[in-house]
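Peer 1: Following this message is one structure expressed as structure tokens.
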Amino acid sequence: MMETTSALFHRMRRRESGEAVLQEAWTAPTCARMLREEIERAGISAPEWIASAYISKSYGYQVLRGERMPGRDILLRTALVLQLSLQETQRLLALGDCGALYPKVRRDAAVIFALNHKMTLLEAEELLVSLPEASLFGQEKQT
């Protein structure tokens, strides 16, 4: 599990642990790494994630290997499937180079509501359809 920024700041306050932090091998967090860790933490397999987030099999494995960057909607579907918190979702979006959820955008506000209320992916999709807002299953740019 990735260490939070506040935990890292706390470790660096003391000289001994701060020096140890600086000596550690530094690996920048990646979207693929966070996805793999969150999938593992949720106790599901990669194929289960791929199926439940409605991602094509080959694309899903490319994302997990870090060969492709997932689109924003794929990350939002993943956050809902894995029941991530809003904070974890924002971090995932940042690592994926996608815009953060912004509550002044109605669609984003609906997704925030769904995350905060631990809605399933399909419940969140029903909410978006009822508003009406764009689907989480729209055309994905798979780069």
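The values are calculated or read from the model by the stated rules, or taken from the named source; none is laboratory data. Owing to the predicted nature of the structure, the values given are computational and were not obtained by experimental measurement. All Cβ positions, even for glycine, are placed from backbone atoms using ideal geometry, and neighbour counts span all protein chains on display. These accessible areas exclude ligands, DNA and RNA; they are computed on the full protein's heavy atoms, side chains included. Shrake-Rupley method; radii C 1.70, N 1.55, O 1.52, S 1.80 Å.
Peer 1: At a threshold of 8 angstrom on Cα-Cα distance, excluding pairs fewer than six apart, so keeping six or more, what relative contact order does the chain reach in percent? Don't skip to the answer; put the middle values down first.
Peer 2: On the way: 134 pairs, mean separation 29.9, N = 143.
After rounding, I find 21 percent.
Peer 1: Here's a follow-up. Treating the beta-carbon of each Lys and Arg as +1 and of each Asp and Glu as -1, no other charges, what is the dipole magnitude of the range 50-143 about its Cα centre, to the nearest 20 debye? Write out the running numbers ahead of the final one.
Peer 2: Details: 11 positive and 10 negative charges, 39 e Å.
With Lys and Arg at +1 and Asp and Glu at -1, about 180 debye.
Peer 1: For a quick check, take a GNM of the chain with Cα springs below 10 Å and name the residue from G71, G96, G43 with the largest mean-square fluctuation.
Peer 2: Answer for the Gaussian network model of the chain: G43.
Peer 1: On to the next question. May I ask you to give the solvent-accessible area per residue for the chain, in square angstrom, as obtained with a 1.4 angstrom probe?
Peer 2: On the way: 8560 Å² over 143 residues.
With the other protein chains kept in place, the chain gives 60 Å² per residue.
Peer 1: Heavy atoms of the protein only, probe of 1.4 Å, neighbouring chains included. What is the accessible area of E19 in Å², nearest 10?
Peer 2: Here the accessible area works out near 90 Å².
Peer 1: Here's something else I'd like to know. For the range 52-97, what % of the accessible area comes from carbon and sulfur atoms, probe 1.4 Å? It would help to have the intermediate numbers written out before the result.
Peer 2: Working: 1000 of 1990 Å².
Carbon and sulfur atoms account for 50 percent of the accessible area of the range 52-97.
Peer 1: Continuing with the same structure: Compute the angle between helix 72-81 and the longest alpha-carbon principal axis of the chain, please, reported from 0 to 90 degrees and rounded to the nearest 10.
Peer 2: Relative to the chain, helix 72-81 is tipped by roughly 90 degrees.
Peer 1: Over the heavy atoms of Y102, what accessible area does a 1.4 Å probe trace out, to the nearest 10 Å²?
Peer 2: About 120 Å², rounded to the nearest 10.
Peer 1: Using only the Cα atoms of the range 29-131, build the gyration tensor, take square roots of its eigenvalues as a ≥ b ≥ c, and label the shape rounded, prolate or oblate: rounded if a/c is under 1.5, else prolate if a/b is larger than b/c, else oblate.
Peer 2: Values: a/c = 1.75, a/b = 1.45, b/c = 1.21.
Prolate, because a/c is 1.5 or more and a/b exceeds b/c.
Peer 1: Sort M12, M34, M119 from largest to smallest accessible area, using a 1.4 Å probe on the heavy atoms of the protein chains.
Peer 2: Values: M12 80, M34 5, M119 35 Å².
Output order, biggest surface exposure first: M12, M119, M34.
Peer 1: Please identify every one of the trypsin sites (Lys or Arg not before Pro) in the range 89-143 that sits in a loop by DSSP and has no more than 14 other beta carbons within 10 Å of its own beta carbon.
Peer 2: Listed in order of number, the matching sites are K104, K118, K141.
Peer 1: Here's a follow-up. Beta carbons within 10 angstrom, averaged per residue: use that to sort the peptides 75-84, 122-131, highest first.
Peer 2: On the way: 75-84: 22.7, 122-131: 14.3.
Descending packing order for the listed peptides: 75-84, 122-131.
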